[in-house]
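Below is one structure; the comments refer to it alone.
The values are calculated or read from the model by the stated rules, or taken from the named source; none is laboratory data. Bear in mind that the values here come from a model prediction, so they are computed numbers and not experimental data. All Cβ positions, glycine included, derive from the backbone under ideal geometry; neighbour counts span all protein chains shown.
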Amino acid sequence: MTRNKEKTLRCAVEKWLGAGSSITARVSAHGRSPVDRKRHVCVEATRGAERRALFFFEQADEGWSVIPPLRTQPEMRVEQLES
């Protein structure tokens with residue numbers, strides 16, 4: 001399966017930190033959610049003495065975002081049966 005370039009973790013990190021900037025970034029933690037097994041990573045960015053961390057979450061479309069995906073909830077529908 002090929003992934004669209006705009007959906008990669010690298011692209012999401014560059015979007016938030018600035019592509020080609022003088023910031024050094026590394027994955028400092030990673031894991032999977034116990035419910036839906038979606039991945040999440042913590043990217044630590046350093047510029048000089050300044051250090052920041054961003055959390056990225058894998059989305060349903062296989063892209064990455066700083067916003068956690070919504071959990072799927074059980075659904076129930078009511079339909080009229082023909083008599």
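What to note about this one:
- Matching residues, the stretch 55-83, being touching a Phe, Trp or Tyr at 6+ places or on another chain (Cβ under 9 Å) and of a type outside the set (Asp, Glu): 56, 57, 64, 65, 66, 67, 68, 69
- Single condition residue 22 does not satisfy, out of (1) polar (S, T, N, Q); (2) surrounded by 10 or more Cβ atoms within 10 Å (Cβ to Cβ); (3) touching a Lys or Arg at 6+ places or on another chain (Cβ under 7 Å): (2)
- So residue 12, is it exposed (fewer than 11 other Cβ atoms within 10 Å of the Cβ) and modelled with pLDDT of 85 or more: no
- Looking only at the stretch 30-83, residues that are over 14 Å from the mean Cα position of the chain (by Cα) and among the basic types (Lys, Arg) come to 4 in all.
- Looking only at the stretch 56-83, and only at residues there that are in contact (Cβ under 8 Å) with a residue 24 or more places away in the chain and not in a loop (DSSP other than H, G, I, E, B), the one that is nearest to residue 9 (Cα to Cα): 64
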